[in-house]
Amino acid sequence: MESKQYYPDEFPRNQWYVAARTAEIGQELFPRWLLGEPVVLYRTEDGQPVALADRCPHRQYPLSRGLRVGDEIECGYHGLVFNAEGRCVSVPQQDHIPDHLRARAYPLRERAGLIWIWMGDPARADDSLIPDHSFMASEGWVTVSGTLHMKARAQLMNENLLDLSHLTYLHPTTLGTRQVAYVPAEATWDERRVCVERVMKNIEPPGFFVRAMGLEGQIDRTQLAEFIAPGFHITHVSAKPAGDDDDSRLSQHKVVHGITPETRTTTFYFWAMARDYRIDDPEITSFAQDAQARVFSDDVEACEAIERVLAAYEPGAPTQTNIKVDAGPLQSRRIIERMLADERQGTAEPTRQGAVASVS
């Protein structure tokens, strides 16, 4: 067995991660482990999302097992009460409440159907680092979404989503055709972002395009996989009849993927697809919901299969051999490794977009 590690065992914390989809969080206490920490999410009575450490600082009993009292949580073990900022406001039989008796409160932001959490230093929470996905709530677009749980490490899915040559083999009847894997891809990257683009001319349409877009015959198809570290992707897709001189019959959709570690080897996969075609057709919306969920479940199963192999070799790992299509995935590893190294050295500033390098 080899001793080399290919995947990070930690997660950058001074970054935004998707904690939930908007639809998942209501006024009920909702427990979820994120980046190896227990978190309880809920909404205040005026609808604002809240995230607290899901452990009472008295004896570590999960607050999510307690009682919601207005906007506060009463611990179900000894009755301590915590407000939405995490401050303890009541202790049975005790008038004095130490200021340090608090449940950690995490910064949250709600944007276009997603709830984002910052699990590092709250003073560094920078809203400008939240990736733009406003198209999910834009006029002229219809969005479907879902949440999957994956028994595999997050980086496996990050790399899956940056190497879309796998569509030919893993999704042959839905998104892939034999030609996709053989069209050259161009990878570009900077300090935080990786893009892998394929421009496919005069190829056959995959099954999803035929059913959802109504395209038949040869098509021109573009596919841009965009990764914004440490765990967010946007797949930009467009298609139109081959050789069309204008975009009058252009169909576009964008798929967002929030890849958030639950633990070192388990992950939440938050996905959503927004389309600008046939937006008034509920049948196509239902089809898109079901079809996308099936496709992403195939990706989850593939990553879980790899995880089972990796687990058999720990604490080492079997040797990997890279090929040309790995340029984008390998850059995503390096970006996350740099983020982690900066945080360990205590020099981490939230990473912004810089100069772009490329490889064809």
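Selection over region 1-57 of residues that are in a strand (DSSP E or B), under 19 Å from LEU148 (Cβ atoms) and of a type in the set (Gly, Ala, Ser) gives a count of 2. Right, PHE270: assigned to a strand (DSSP E or B), aromatic (Phe, Trp, Tyr) and closer than 27 Å to PRO31 by Cβ or not? In short, yes.
Table: residues versus (1) assigned to a strand (DSSP E or B); (2) surrounded by 17 or more Cβ atoms within 10 Å (Cβ to Cβ).
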residue: ILE73; (1), (2): yes, yes
residue: TYR77; (1), (2): no, no
residue: ALA84; (1), (2): no, yes
residue: CYS88; (1), (2): yes, yes
residue: ASP99; (1), (2): no, no
residue: PRO131; (1), (2): no, yes
residue: MET136; (1), (2): no, yes
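Of the set (1) out of contact with any helix residue (DSSP H, G or I) (no Cβ under 7 Å at 6 or more places or on another chain); (2) in contact (Cβ under 8 Å) with a residue 60 or more places away in the chain, all apply to GLY70 but (2). Name the single residue, out of those in region 31-49 being closer than 17 Å to ARG109 by Cβ and of a type outside the set (A, V, I, L, M), that is nearest to the chain's Cα centre (by Cα). So the residue we want is ARG32. Reported count of residues in region 9-36, each being among the charged types (D, E, K, R) and crowded, with 17+ Cβ neighbours inside 10 Å, is 3.
Any chance region 37-44 includes a residue that's in contact with a strand residue (DSSP E or B) (Cβ under 9 Å, 6 or more places away or on another chain) and surrounded by fewer than 16 Cβ atoms within 10 Å (Cβ to Cβ)? The answer is yes; a qualifying residue exists. Of the residues that make up region 196-213, is at least one in contact with a Pro (Cβ under 7 Å, 6 or more places away or on another chain) and either over 18 Å from VAL300 (Cβ atoms) or in contact (Cβ under 8 Å) with a residue 12 or more places away in the chain (or both)? Looking for residues that are in contact with a Pro (Cβ under 7 Å, 6 or more places away or on another chain) and either over 18 Å from VAL300 (Cβ atoms) or in contact (Cβ under 8 Å) with a residue 12 or more places away in the chain (or both), one finds none in region 196-213, hence no.
Just name the residue that is farthest from PRO230 (Cα to Cα) out of those in region 165-208 that are part of a loop (DSSP other than H, G, I, E, B) and of a type in the set (A, V, I, L, M). Restricting to residues being part of a loop (DSSP other than H, G, I, E, B) and of a type in the set (A, V, I, L, M), the top hit is VAL183.
Among the candidates ILE259, ILE279, single out the residue that is touching a residue at least 40 places away in the same chain (Cβ under 8 Å), touching a Phe, Trp or Tyr at 6+ places or on another chain (Cβ under 9 Å) and either among the basic types (Lys, Arg) or surrounded by 16 or more Cβ atoms within 10 Å (Cβ to Cβ) (or both).
ILE259
Checking the structure you have, find out if any residue of region 320-335 is farther than 27 Å from GLU197 by Cα, at pLDDT 90 or above, in a loop (DSSP other than H, G, I, E, B) and not acidic (Asp, Glu). First the steps, then the outcome.
Step one: of region 320-335, the residues farther than 27 Å from GLU197 by Cα are none.
For region 320-335, residues farther than 27 Å from GLU197 by Cα, at pLDDT 90 or above, in a loop (DSSP other than H, G, I, E, B) and not acidic (Asp, Glu): absent.
Of the numbered criteria (1) of a type in the set (A, V, I, L, M, F, W, C); (2) without any contact (Cβ under 8 Å) to a residue 40 or more places away in the chain; (3) surrounded by fewer than 21 Cβ atoms within 10 Å (Cβ to Cβ), the one ILE219 fails is (3).
The values are calculated or read from the model by the stated rules, or taken from the named source; none is laboratory data. Given the structure is predicted, the values throughout are model-derived calculations rather than measurements. Methodologically, a virtual Cβ is constructed for each residue, glycine included, from the backbone with ideal geometry; neighbour enumeration extends over all protein chains shown.
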